[in-house]
Amino acid sequence: MAELKSVTDASFEQDVLKSDKPVLVDFWAAWCGPCRQIAPSLEAIAAEHGEQIEVVKLNIDENPETAAKYGVMSIPTLNVYQGGEVAKTIVGAKPKAAIVRDLDEFIGEGAKG
């Protein structure tokens, strides 16, 4: 599986808010067990649905400004940004199939995980 691209406070606007397609941002931290638990699912979603949605990660310990700006209070938090705005928020660790279902409106093929 490909490693997900990391975004930072400095690159967030360019990499996420100005993207032409929806971007799923994984707000995570190295010490977060549930974050590590869902990482392989997010990598698989990126590999399978990269044409429809970009998947990136943002380490909240290294990039606290963006996490604070978007009110991320617990991790993992997955925000989907579309047109520069938060279009959907998913909080907590879920199985891949549940994440794919939550993303159905963006990846649009009724995909099964």
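Bear in mind that the values in this text are calculations on the coordinates, not laboratory data. The structure presented is a predicted model; accordingly, all values stated were derived computationally and were not measured. Cβ atoms come from the backbone with ideal geometry, glycine included; neighbour counts cover every protein chain shown.
Placing +1 on each Lys and Arg Cβ and -1 on each Asp and Glu Cβ, with no other charges, gives the chain a dipole about its Cα centre of roughly 360 debye.
Summing charges over neighbours of LYS88, with a neighbour being any other residue whose Cβ is under 15 Å away from its Cβ, gives -3 when K and R count +1 and D and E count -1. Residue order for PHE27, PHE106, PHE12, fewest other beta carbons within 10 angstrom first, comes to PHE106, PHE12, PHE27. Listed from fewest to most Cβ neighbours within 10 Å, the set LEU4, LEU58 follows the order LEU4, LEU58.
Annotation for LEU17 and ALA68: the two label points, set 7 Å from Cα along the Cα-Cβ direction, are 1.6 nm apart. Remark: the range 91-108, residue by residue, has Karplus-estimated 3J(HN,Hα) of 10, x, 7, 9, x, 3, 4, 5, 5, 4, 4, 5, 9, 3, 5, 9, 9, x Hz, where x stands for each Gly or Pro and the curve is 6.51 cos²θ - 1.76 cosθ + 1.60 at θ = phi - 60°.
Pull out the extension gain between LYS5 and ASP104, defined as 0.36 nm times the separation in residues minus the alpha carbon to alpha carbon distance; nm, one decimal. Display every interim value, and only then the final one.
Numbers: separation 99, 0.36 × 99 = 35.64 nm, distance 2.17 nm.
Length difference between fully extended and current span is 33.5 nm.
Listing LEU42, LEU24 from the residue with the fewest other Cβ atoms within 10 Å to the one with the most, what is the order?
Listing LEU42, LEU24 from fewest to most nearby Cβ atoms yields LEU42, LEU24.
Out of all DSSP beta bridges in the chain, what portion is antiparallel? Express it as a percent rounded to 5. Don't skip to the end; give the middle numbers.
On the way: 11 of 19 bridges.
Antiparallel bridges: around 60 percent, rounded to the nearest 5.
Per-residue ellipticity at 222 nm computed for the chain from its helices equals -8500 deg cm²/dmol, with DSSP H segments shorter than 4 residues left out and the rest contributing -39,500 (n - 2.57).
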